[in-house]
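Have a look at the structure below, then the notes.
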Amino acid sequence: MKRWTVWMGAAMLAAVSACGGDEPAAPSVPPPSAAAAPAEAQPDEPRAEMAPADADPLAEHLRTLRAKVPEGFTVVPEPPFVVIGDEPPDVVRARAERTVQWAVRYLKALYFKKDPAEILDIWLFKDKASYERHTREIFGEEPTTPFGYCSPAHGALIMNIATGGGTLVHEIVHPFMAANFPACPAWFNEGLGSLYEQSAERDGRIVGLTNWRLKGLQEAIRAGRVPSFEALAATSTRAFYTEDKGTNYAQARYLCYWLQEKSLLEKFYREFRAGAKEDPTGYETLKRVLGEADMEAFQKRWEAWVLGLRFP
Ligand SMILES: [Zn+2]
């Protein structure tokens, strides 16, 4: 009897073969953790004949996952993630390849050199009922949003996939940010995550597009309720989440969108990350990358530009 289905995709096979001492077939698919690939350090050891799975953190992870996965779910390894879902198997596989693998490849190309240290699970529940029930039964948690959330305690991104793939791409940004820029404050972490909620490929790169957060931001701009960028950047991570006047995410998102459209977003990420000790909020880096001495004047231009944007 088959309790669950594991899709041995190309990525999984590459990871397994990397563990046996071979080079992975595709350079874009490294072993889940470089530190955990002892076979590479000892190429003469006949590890592959003994128990290659023991040396493979992905295989080990899949074994422990088995106890958690309910009947009828499909499990698709997509390093550094494992995608688990209760939609039809071909739909779960398509989401793993077209959303997760796609986003990981393009985000890594622009920003993230390091994979998250742990393999993370991406649970895609097919509807609201499944999402609410399984979140309780599997994790003993109550969902914090109707779309999905990240559960560090369970090393999992937990989604109601019926609400669309946007939140999934948003959440994928966070574990990569944690691995590559752990000091990143919430305003930029959430701005970048939110940017890719609505994303597409342009000239071989991932780009964020306008999305549903635009309307509320335009209203806040018209009402003069949007704080300065200095105030946004100075918001502590805690305050960003607990004292959001309703514009934090959207303001950060459309600042990232401006930077993207001016081809300054990767430069800002790189310089912010490199100089975060001296400029932990990123505000000085932002001014420098924008080339703006007068940030009040910049904000006026940015607000006028945002008011001219359209969604859809
Ligand atoms: Zn987020």
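Take the range 152-169 and flag every residue that is within 12 Å of the ligand (Cβ to nearest atom) and touching a Leu at 6+ places or on another chain (Cβ under 8 Å).
Matches in the range 152-169: Leu157, Leu168.
Given the criteria of a type in the set (A, V, I, L, M), within 15 Å of the ligand (Cβ to nearest atom) and over 17 Å from Phe240 (Cα atoms), does Ile172 qualify?
For Ile172, the condition - of a type in the set (A, V, I, L, M), within 15 Å of the ligand (Cβ to nearest atom) and over 17 Å from Phe240 (Cα atoms) - is met.
Which of the residues that make up the range 189-213 are under 19 Å from Pro175 (Cα atoms) and out of contact with any strand residue (DSSP E or B) (no Cβ under 9 Å at 6 or more places or on another chain)?
Passing the criteria: Asn189, Glu190, Gly191, Gly193.
Test Thr237 against the criterion of being surrounded by 19 or more Cβ atoms within 10 Å (Cβ to Cβ), under 20 Å from Phe181 (Cβ atoms) and touching a helix residue (DSSP H, G or I) at 6+ places or on another chain (Cβ under 9 Å), and give yes or no.
no
Could you please give the count of residues in the range 193-246 that are β-branched (Val, Ile, Thr) and assigned to a helix (DSSP H, G or I)?
Final tally of qualifying residues: 3.
Is there a residue in the range 216-231 that is within 16 Å of the ligand (Cβ to nearest atom) and of a type in the set (Gly, Ala, Ser)?
No: the range 216-231 contains no residue that is within 16 Å of the ligand (Cβ to nearest atom) and of a type in the set (Gly, Ala, Ser).
Please work out if Asn180 is within 15 Å of the chain's Cα centre (by Cα), closer than 24 Å to Ala103 by Cβ, more than 15 Å from the ligand (Cβ to nearest atom) and not hydroxyl-bearing (Ser, Thr, Tyr).
Answer is yes for this residue.
Let me spell it out: the conditions are (1) in contact with a Pro (Cβ under 6 Å, 6 or more places away or on another chain); (2) part of a loop (DSSP other than H, G, I, E, B), and Pro143 meets all of them except one. Which number is the exception?
(1)
Return yes when Glu142 is in contact (Cβ under 8 Å) with a residue 12 or more places away in the chain and more than 15 Å from Gly193 (Cα to Cα) and no when it is not.
no
What pairs come out if I take residues in the range 173-184 that are closer than 15 Å to Tyr149 by Cβ and pair them with residues that are away from the ligand (no atom under 11 Å from the Cβ) whose C-beta lies under 6 Å away, six or more apart or interchain?
The qualifying pairs are Pro175/Pro116; Pro175/Leu120.
Evaluate the range 113-134: report whether one residue or more is part of a helix (DSSP H, G or I), hydrophobic (A, V, I, L, M, F, W, C) and under 28 Å from Ala59 (Cβ atoms).
Taking every residue of the range 113-134 in turn, none turns out to be part of a helix (DSSP H, G or I), hydrophobic (A, V, I, L, M, F, W, C) and under 28 Å from Ala59 (Cβ atoms).
Just one of the numbered conditions (1) more than 12 Å from the chain's Cα centre (by Cα); (2) within 16 Å of the ligand (Cβ to nearest atom); (3) surrounded by 20 or more Cβ atoms within 10 Å (Cβ to Cβ); (4) in the same structural domain as Arg301 (by TED's automatic domain parsing) is not true of Ser194; which one?
Failed condition: (1).
Let's see how each residue does on (1) buried (at least 18 other Cβ atoms within 10 Å of the Cβ); (2) away from the ligand (no atom under 16 Å from the Cβ); (3) modelled with pLDDT of 95 or more; (4) within 18 Å of the chain's Cα centre (by Cα):
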position	(1), (2), (3), (4)
Pro89	no, yes, yes, no
Phe112	yes, no, yes, yes
Ile122	yes, no, yes, yes
Lys128	no, yes, yes, no
Thr135	yes, yes, yes, no
Thr145	no, no, no, yes
Cys150	yes, no, no, yes
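The values are calculated or read from the model by the stated rules, or taken from the named source; none is laboratory data. The model shown is predicted, which means the values in this text are computed figures rather than measured ones. Methodologically, a virtual Cβ is constructed for each residue, glycine included, from the backbone with ideal geometry; neighbour enumeration extends over all protein chains shown.
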